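K.L.:
A single structure is presented below for examination.
The values are calculated or read from the model by the stated rules, or taken from the named source; none is laboratory data. Quantities reported herein were computed from a predicted structural model and do not represent experimental measurements. For neighbour counting, all protein chains shown are included, and Cβ atoms are generated from backbone atoms with ideal geometry for every residue, glycine included.
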Amino acid sequence: MLRATRTPHESMYNWRKLTDVQKQEALELRQSRHLPWHSPPHLDFEGARQYLISSACYEHKPIIGTSSERMTECESSVIQVCEEFCSHIYAWCILPNHYHVLIKTDRIKDLRFGLGQFHGRSSFEWNGEDNRRGRKVWHNWFDRRMKSERHFLATLNYVHHNPVHHGYVEHWQDWPWSSAREYLEQVGHERAKTIWQEYPILDYGSKWDL
């Protein structure tokens, strides 16, 4: 089992430098949580709304990525909050210094509050583990409402492509802490390829996902 380390540069931040055995252990740890995933439906833009929820660590420091255990803990906690306040969870991605979740909800204010509580709890716990009391853990938190089916599907691609965009892996499905693997298994590689080509991300996130 991968052990927690307090040096980010020796942890998930340098995923490509982990051995195949370490990567497999991290994947098995994550899979043991049995996280939910809801396939993209025919979209109905009336009533509850679809949102991209994003949050980043302060100064984009890889505080989440200190260990595979913390990455998995963050993923499980974020999904648990979303399950409570959302009717659908379409996609998610947890990276060493930020996360994205694509959801549907008519309780966006409650969701904000729930994630805020998680941020408070995790800040206290992780700062204790790292012996860094008083450190600011979280910074930006925002939601973007989906405006159309094209916007939604481009965002779906963006979330799953994020680990590739930031250089952690070469292929979507290689990053353990996202719904990409389940997505590809559900829709199939050919359908996923078609969605990728028809709804490109282009410069999506270029001004805020650094």
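K.L.:
Considering the range 76-95 alone, what residues qualify as being over 10 Å from the mean Cα position of the chain (by Cα), part of a loop (DSSP other than H, G, I, E, B) and crowded, with 24+ Cβ neighbours inside 10 Å?
P.N.:
86, the sole residue that qualifies.
K.L.:
Okay, moving on. Given the criteria touching a Leu at 6+ places or on another chain (Cβ under 9 Å), surrounded by 21 or more Cβ atoms within 10 Å (Cβ to Cβ) and either modelled with pLDDT of 90 or more or at positive phi (or both), does residue 103 qualify?
P.N.:
Yes, satisfied.
K.L.:
Residue 152 fails exactly one of the following numbered conditions: (1) among the hydrophobic types (A, V, I, L, M, F, W, C); (2) within 25 Å of residue 64 (Cα to Cα); (3) in contact with a strand residue (DSSP E or B) (Cβ under 9 Å, 6 or more places away or on another chain). What is the number of that condition?
P.N.:
(2)
K.L.:
Now a separate question. Give the number of residues within the range 127-169 that are aliphatic (A, V, I, L, M) and farther than 20 Å from residue 195 by Cα.
P.N.:
Looking only at that region, the number is 2.
K.L.:
Can you work out which of the residues in the range 151-210 that are acidic (Asp, Glu) and surrounded by 12 or more Cβ atoms within 10 Å (Cβ to Cβ) is nearest to residue 97 (Cα to Cα)?
P.N.:
Top of the filtered list is 209.
K.L.:
Go through the range 180-199 residue by residue and tally those that are touching a helix residue (DSSP H, G or I) at 6+ places or on another chain (Cβ under 7 Å) and under 12 Å from residue 157 (Cα atoms).
P.N.:
Total meeting the criteria: 7.
K.L.:
So the check is Cβ under 9 Å with 6+ separation or different chains; which pairs have a first residue in the range 129-145 that's within 22 Å of residue 114 (Cβ to Cβ) and a second one that's among the hydrophobic types (A, V, I, L, M, F, W, C) and assigned to a loop (DSSP other than H, G, I, E, B)?
P.N.:
Cβ pairs passing all conditions: 137/63; 138/63; 140/208; 142/208.
K.L.:
Identify all residues within the range 129-173 that are within 19 Å of residue 204 (Cα to Cα) and acidic (Asp, Glu); write none if there are none.
P.N.:
143, 149, 170
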